[in-house]
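A quick write-up on the structure given underneath.
The values are calculated or read from the model by the stated rules, or taken from the named source; none is laboratory data. The shown structure was predicted, so the numbers you read here are calculated from the model rather than taken from an experiment. With ideal geometry, Cβ positions are generated from the backbone for all residues, glycine too; neighbour counts draw on all protein chains shown. Each accessible area value is taken on the protein alone, full model and side chains, heavy atoms only, with ligands, DNA and RNA left out. Shrake-Rupley method; radii C 1.70, N 1.55, O 1.52, S 1.80 Å.
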Amino acid sequence: MATTLTAPRSLVSELHSRGVGDARADATSRAVYSSDASLYRIQPAAVVFPRHLDEVLTTLEVCRERGIPFTSRGAGTSLAGNAIGRGVVIDFSRHLNRVLEFDAESRTAVVEPGAVHATLQKVALASGLRFGPDPSTHTRCTVGGMIGNNACGSRALAYGRTADNVTHLDVMTGSGARLRLGPGETPSSAETDALRSLVSANLGTIRTELGRFGRQVSGYSLEHLLPERGFDLRRMLVGSEGTLAVVLEAGVRLVTDAPHKTMVVLGFENIGEAGDAVTSVLPFKPTACEGLDSRIVEVVRSRKGPQAVPELPGGAAWLFVEISGDDAAEVADRAAAVSLVATARHSRIITSPAQAAALWRIREDGGGLAGRSNPRTTM
């Protein structure tokens, strides 16, 4: 027991002595960082709030020397225990959270890993641009966290996953190698040579099992390392949850935000029918298509009040479909066609941006609220 209590203090003392100013091993900090949005609880040895990259690099160096695992953390919105660990948790969101560069002409930005998605989006929207992926936690999730789990969001149909929108990565590998990765930029090293050998030995499996559909984001995306894809280590690292490298900086691609948007809500008897209807919706090229059932709606209604749920068409499950484009009439025609999808029992076309935002809020609030205990119904 004494060793368990002493080791964290020793670790923090060394970090302090080597210039890492905000490293903590007090009981409160370790308890707070023992959880994320998942059901898991793992208490870390220490928590570090780096103020600049030198402190990140020093922390990683100390961890390598001591054989201590480390976990990168943004807002802790992960649902599978992705942001917790027994070693050192490095919280990037407190200090390393800036948009470093923004170029409207080239439609790119450079961010620190702790930059909140909404912060980047606010900068981009001022110039009629946006960062395409938009998780339901966009008001608080960090871009580094999105890179960690290859976040998609409702608009992945139009804009792809995070891996499709990263222009470069500045990373530090577990062995201490610092790499800057861009399209066609993969430095030769023992690690990259080993990866090339791994891919060469498993070409058949990688080609047939990985990258088969747009939102296949679990596991290592080795399909990006295939010879025909140019051995793109930058895109392969997206989704690796910090297990292969720590992101120090990221360049991201921005897209034009369409000027005209209409939302169509389709009502179904159950979520299975809603899922089956997606294939009928996709030919109309929606920007977004998201399914919700009555359980999520009821969670929002019970926690936030009836006023939090705008009027929905009849049914117990719904598809929220966003149609967008440059031509208002063409958008209206596509939206009208979507509303007539044969398998939908009911439909409603939403042209008001405020009403559409309120409906999307159900999706954004529902996931988070569903993962919390209701103090009114628990002891």
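Observations, loosely collected:
- Residue match in the range 273-284 (condition: under 17 Å from the mean Cα position of the chain (by Cα) and within 27 Å of L210 (Cα to Cα)): no
- First in the range 279-306 and more than 12 Å from W360 (Cα to Cα) and part of a helix (DSSP H, G or I), second anywhere and open to solvent by less than 20 Å² (accessible area, probe 1.4 Å) and hydroxyl-bearing (S, T, Y), Cβ under 8 Å, 6 or more apart: none
- For the range 104-145, a tally of residues being of a type in the set (A, V, I, L, M), touching a helix residue (DSSP H, G or I) at 6+ places or on another chain (Cβ under 8 Å) and without any contact (Cβ under 8 Å) to a residue 40 or more places away in the chain returns 1.
- Matching entry among L120, L60 (being more than 21 Å from the chain's Cα centre (by Cα) and crowded, with 18+ Cβ neighbours inside 10 Å): L60
- Failed criterion for E311 (all others in (1) in a strand (DSSP E or B); (2) loosely packed, with under 15 Cβ neighbours inside 10 Å; (3) not small (G, A, S) hold): (1)
- Tallying residues that are open to solvent by 30 Å² or more (accessible area, probe 1.4 Å) and in a loop (DSSP other than H, G, I, E, B) within the range 63-87 yields 9.
- Residues in the range 254-274 that are open to solvent by less than 40 Å² (accessible area, probe 1.4 Å) and modelled with pLDDT of 90 or more: L254, V255, T262, M263, V264, V265, L266, G267, F268, G272, A274.
- In the range 17-31, the qualifying residues are those that are in a helix (DSSP H, G or I) and touching a residue at least 12 places away in the same chain (Cβ under 8 Å), and the one that is least open to solvent (accessible area, probe 1.4 Å) is S29.
- Residues satisfying the stated conditions in the range 341-352, i.e. of a type in the set (A, V, I, L, M, F, W, C) and either part of a strand (DSSP E or B) or modelled with pLDDT of 95 or more (or both): I349, I350
- Cβ-Cβ distances below 7 Å connect the following pairs, each with a first residue in the range 184-195 that is on the phi > 0 side of the Ramachandran plot and at pLDDT below 85, a second residue that is surrounded by 13 or more Cβ atoms within 10 Å (Cβ to Cβ) and assigned to a loop (DSSP other than H, G, I, E, B), and a separation of six or more residues or different chains: G184/G230.
- Identity of the residue in the range 90-108, among the hydrophobic types (A, V, I, L, M, F, W, C) and assigned to a loop (DSSP other than H, G, I, E, B), that ends up nearest to L125 (Cα to Cα): A104
- Tallying residues that are open to solvent by 50 Å² or more (accessible area, probe 1.4 Å) and in contact with a strand residue (DSSP E or B) (Cβ under 8 Å, 6 or more places away or on another chain) within the range 333-354 yields 9.
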